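Q: The structure's right below; bear with me while I get my questions together.
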Protein chains: 2
Amino acid sequence: MYVRATAKMVADRAGVSPTTVSRVLNGKVEAISEMTADRVREAAEALDYRPNSLAVSLRKGSTATIGLIIPDIADAYFHQIARAVEDAARPEGFAVILCNTDREPERELFYLDTLREQQVAGVVFAGGGVNDDEHLRGRDWAGANVVLIGPHNLELPSIGVDNRAASIAAVHHLSEQGCTRIACIGGQPKWAIHQVRLEGLRQGLADIGEELDPELLWLGDFGLESGYDSVDAAMENGREFDGIVAFNDNAALGAIKALRKHGRSIPGDVAVIGFDDLPIATVVEPQLSSISFPRREFGETAARLIIQMARHEDVEAPGLFPFELKARASSLVAGVPA
Amino acid sequence: MYVRATAKMVADRAGVSPTTVSRVLNGKVEAISEMTADRVREAAEALDYRPNSLAVSLRKGSTATIGLIIPDIADAYFHQIARAVEDAARPEGFAVILCNTDREPERELFYLDTLREQQVAGVVFAGGGVNDDEHLRGRDWAGANVVLIGPHNLELPSIGVDNRAASIAAVHHLSEQGCTRIACIGGQPKWAIHQVRLEGLRQGLADIGEELDPELLWLGDFGLESGYDSVDAAMENGREFDGIVAFNDNAALGAIKALRKHGRSIPGDVAVIGFDDLPIATVVEPQLSSISFPRREFGETAARLIIQMARHEDVEAPGLFPFELKARASSLVAGVPA
DNA sequence: TTGTATGCGTTATCAA
DNA sequence: TTGATAACGCATACAA
């Protein structure tokens with residue numbers, strides 16, 4: 001049976017007190033004789049001593065752990081954020097706890113509680129904004145060190161982009177390509193992300209003298225099947241449209257699949273643009289136009305903020321990140337410029 | 001400032017000792033008067049008391065946490081496993097710590113150490129099998145509760161599939177489709193996953209009276225670009241082949257992209273089959289044939305094994321999972337059956 | 001320059 | 001049926 005070495009064992013071996021061991025290994029006090037320090041380090045080495053992080057955390061009142069709450073790690077949008085969070089946390093000695101909520105409010109609450117029990121240094125909360133965040137309002141967030149990624153209706157530090165402007169840009173782009181009957185594949189009305197993008201969409205349409213035909217607003221769950229079903233149903237019902245703004249790439253991909261099934265050419269008959277700019281966007285045929293967000297920076301920044309908070313350092317203001325419209329074959333009616 | 005309630009605070013409020021609080025809330029002893037128990041529960045409720053899991057773990061010597069070590073959460077193959085691990089852990093009260101290694105041996109070691117420091121209940125180690133696992137041999141695994149997913153050269157409980165047979169099946173499939181010059185997009189020679197799949201490939205070729213042309217064995221890093229570059233280079237060099245077995249879907253997708261660039265039709269000129277059966281496989285055009293693994297079961301089973309070990313329960317033998325060859329348009333030369 | 005004593009919050013042992 | 005005490009491993013205030 002494997003037994004971990006403790007500070008006391010190191011102390012005994014080095015012929016000093018556990019206090020001294022702690023001091024040497026943490027470099028707390030400069031006033032330690034080199035000889036003693038060497039003996040301690042030697043003993044620690046020999047015993048392969050590692051401080052029990054549980055004990056350290058209990059003593060210090062906080063762990064070197066970041067909770068990451070996302071809807072679904074299996075969603076390409078979030079795993080890039082997750083990766084970035086972990087990459088930023090690792091060199092700082094922080095671990096990342098993975099929490100998938102499927103956007104279920106109870107699960108969000110469950111994890112918020114669980115993570116607090118675990119005394120995490122902070123929580124990165126991405127992709128929430130569910131149900132107007134009712135379930136999260138009025139919570140006592142004191143000392144919780146939460147950073148949000150994406151639109152929420154909460155008074156907490158958050159990083160994100162101007163989704164409204166992004167949505168407007170998408171509509172203008174399709175308009176420039178000659179689209180006049182623009183459809184929208186959204187999420188759920190209660191999702192903040194849906195609300196703000198829809199608002200932008202309506203504004204964009206207004207800019208070009210159009211408005212959203214209620215029959216061309218299709219709600220879904222941001223899944224590929226959901227996008228497919230929306231378009232499939234619309235075609236079955238004889239809806240007319242020449243452009244689609246999908247509020248995420250998964251839905252856009254599903255839409256393309258359905259359009260193809262119904263013999264529509266893309267972008268000739270229907271131009272399509274999504275949100276997220278997932279890696280697949282450049283793999284599929286035609287390549288998918290999309291609004292791109294700096295997901296890695298989202299994750300890195302969020303992690304960095306948490307760590308700064310945990311260390312009681314001055315915390316930089318997150319601010320708004322830029323988006324980029326990647327025009328590709330799926331929406332370039334005149335063809336892709338060489 | 002938010003202050004957590006402690007067992008002592010609950011005890012004071014209920015007019016009992018912390019010991020009693022612990023007993024009531026953990027249901028340890030039946031011999032507790034209902035009245036006392038009620039008072040304790042009431043006080044706990046009122047104070048929103050949650051046991052400090054750090055203290056509990058320190059006392060008990062183990063946390064309710066599972067370490068998940070994978071090459072890259074941004075890889076579609078692993079995030080499904082990750083999701084399954086988390087789904088299996090959550091209802092049992094276990095949290096999951098995410099660790100990305102990029103298959104770097106030092107990082108694998110780093111995380112193994114870190115996780116041990118954190119007293120995790122166990123470690124799910126997926127996608128390793130790097131460098132003949134030299135760096136992991138001779139380690140003291142006692143009490144580490146490790147479960148491996150995928151091929152490794154280590155004497156530890158592992159779950160996986162018969163990759164050799166899967167590879168053979170892939171070759172036989174292409175052969176049935178009329179392919180005679182079969183190329184291979186592999187990983188790195190030191191990866192166990194590469195070794196075993198390559199062995200199967202050679203066997204499959206032998207079965208049909210062929211053998212692997214060294215010029216048709218292309219090594220890479222399982223990335224999309226890597227698959228693209230391999231095929232692109234091969235075409236530039238005038239290599240002749242009518243079938244490709246890619247050891248993962250990412251590489252297969254890259255290969256298809258390169259084939260298309262060079263004007264080759266799929267599967268007419270070149271039939272392609274991959275491994276992993278990623279969700280994208282059915283989204284791209286043509287749909288990608290692939291060897292499918294029950295990734296969710298991998299993750300669920302691994303998590304369950306860890307939890308059983310942590311609870312000192314009898315541990316089921318993991319065993320071998322079945323694979324399935326999904327024949328789709330990218331390899332069905334005669335077209336997809338209706 | 002180093003050691004002793006104390007406490008972080010919990011649970012297990014023993015005694016009452 | 002309940003409580004006092006000790007211990008998990010560490011870091012800190014204080015003493016020497």
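Throughout, read-outs are computed from the coordinates displayed, never taken from laboratory work. Since this is a predicted model, take the numbers as computed values, not measurements. Ideal geometry is used to build each Cβ from the backbone, glycine not excepted, and the neighbour counts take in all protein chains shown.
Q: Gain in length, residue B:221 to residue B:31, computed as 0.36 nm per residue apart minus the alpha-carbon separation, to one decimal in nm? The partial results should precede the final answer.
A: Values: separation 190, 0.36 × 190 = 68.40 nm, distance 6.15 nm.
Length difference between fully extended and current span is 62.2 nm.
Q: Could you work out the mean count of beta carbons from other protein chains within 10 Å of each residue's beta carbon in B:48-58?
A: Per residue, the number of nearby Cβ atoms from other chains is 5 on average.
Q: Arrange the following residues from fewest to most other Cβ atoms within 10 Å of their Cβ: B:68, A:201.
A: Listing B:68, A:201 from fewest to most nearby Cβ atoms yields A:201, B:68.
Q: On to the next question. What number of lysine-lysine pairs in the protein assembly as shown show an alpha-carbon separation below 21 angstrom, given a sequence spacing of 8 or more or placement on distinct chains?
A: Lysine pairs meeting both conditions in the protein assembly as shown amount to 14.
Q: Using a 10 angstrom cutoff on alpha carbons, build the Gaussian network for chain A and name the most mobile of A:234, A:255, A:183.
A: Checking each option, the largest mean-square fluctuation is seen for A:234.
Q: If each DSSP helix of 4+ residues adds -39,500 (n - 2.57) and the sum is divided by the residues in chain A, what number results at 222 nm, nearest 500 deg cm²/dmol?
A: -12500 deg cm²/dmol
Q: Another question, if that's okay. Helix A:34-46 against the longest principal axis of chain A: what's the angle in degrees, Cα atoms only, rounded to the nearest 10?
A: Taking Cα atoms only, the helix is inclined about 60 degrees.
Q: Rank these for me by crowding, B:8, A:257, going from fewest to most other beta carbons within 10 Å. Intermediate values should be presented prior to the final figure.
A: Working: B:8 11, A:257 19.
Starting with the residue having the fewest Cβ neighbours, the order is B:8, A:257.
Q: Between copies, how far does the label point of residue B:162 sit from its twins, in nm, shortest first, when each point is 7 Å from Cα along Cα→Cβ?
A: 6.1
Q: Between copies, how close do the residue B:93 label points come, placed 7 Å along Cα→Cβ, listed in nm from shortest?
A: In nanometres, ordered from closest: 3.0.
Q: How long is the gain from residue B:135 to residue B:50 if the chain were fully straight, where each residue apart is worth 0.36 nm and the alpha carbon distance is subtracted?
A: Here the answer is 26.5 nm.
Q: Name the most mobile residue of B:187, B:319, B:15, meaning the one with the largest mean-square fluctuation, in a Gaussian network model of chain B with Cα contacts below 10 Å.
A: B:15
Q: With Cβ to Cβ distances under 14 Å as the rule, what net charge do the other residues near residue A:178 carry (K, R +1; D, E -1)? The partial results should precede the final answer.
A: Working: positive: A:181; negative: A:176, A:210, A:242, A:269.
So the environment of residue A:178 carries a net charge of -3.
Q: Just check region A:164-255 against the gyration tensor rule for me: Cα atoms, a ≥ b ≥ c as the square roots of the eigenvalues, rounded for a/c under 1.5, and otherwise prolate or oblate depending on whether a/b exceeds b/c.
A: Taking the square roots of the gyration eigenvalues as a ≥ b ≥ c, region A:164-255 is oblate.
Q: Could I ask something else about it? What does the net charge come to around residue B:206 if you take all other residues with beta carbon closer than 14 Å to its beta carbon, with K and R at +1 and D and E at -1?
A: In short, -3.
Q: Okay, moving on. Which of A:51, A:322, A:18 ends up with the largest GNM mean-square fluctuation for chain A, with Cα atoms connected below 10 Å?
A: A:18
Q: Same structure again: What's the Kirkwood radius of the protein assembly as shown in Å, using all Cα pairs?
A: It is 27.6 Å.
Q: Kindly put B:39, A:59, B:295, B:107 in sequence by how many other C-beta atoms sit within 10 Å of each C-beta, fewest to most.
A: A:59, B:107, B:39, B:295
Q: Taking the label point as lying 7 angstrom from Cα along the Cα-to-Cβ axis, what are the distances from residue B:36 to the corresponding position in the remaining copies, in ascending order and in nanometres?
A: 4.7
Q: Averaged across A:71-83, how many Cβ atoms of other chains sit within 10 Å of each residue's Cβ atom?
A: Counting Cβ atoms of other protein chains within 10 Å of each residue's Cβ and averaging gives 5.
Q: Where the Cα atoms of region A:246-338 are projected onto their three principal axes, how long is each span, largest first, in whole Å?
A: Dimensions of region A:246-338 along the principal axes of its Cα atoms: 59, 26, 18 Å.
Q: Another question about this same structure. When the convex hull of the C-alpha atoms of region B:226-279 is computed, what volume per residue in Å³ does it have?
A: Looking at region B:226-279, the number lands at 68 Å³ per residue.
Q: Could you tell me the convex hull volume per residue, in Å³, taken over the Cα atoms of chain A?
A: Dividing the Cα hull volume of chain A by its residues yields 179 Å³.
Q: Let me ask something else. Cα centroids of region A:155-186 and region B:32-65: how far apart, whole angstrom?
A: Centre-to-centre (Cα) distance: 49 Å.
Q: Roughly how large, in nm² to one decimal, is the mean projection of the convex hull of the alpha-carbon atoms in region B:7-51?
A: Values: hull surface 10.3 nm².
Averaged projected area of region B:7-51's Cα convex hull equals 2.6 nm².
Q: For region B:230-294 and region A:125-147, what is the separation of their Cα centres, given in Å?
A: Their Cα centres are 44 Å away from one another.
Q: Within a Cβ distance under 14 Å of residue A:234, other residues only, what is the Lys/Arg minus Asp/Glu net charge?
A: -3
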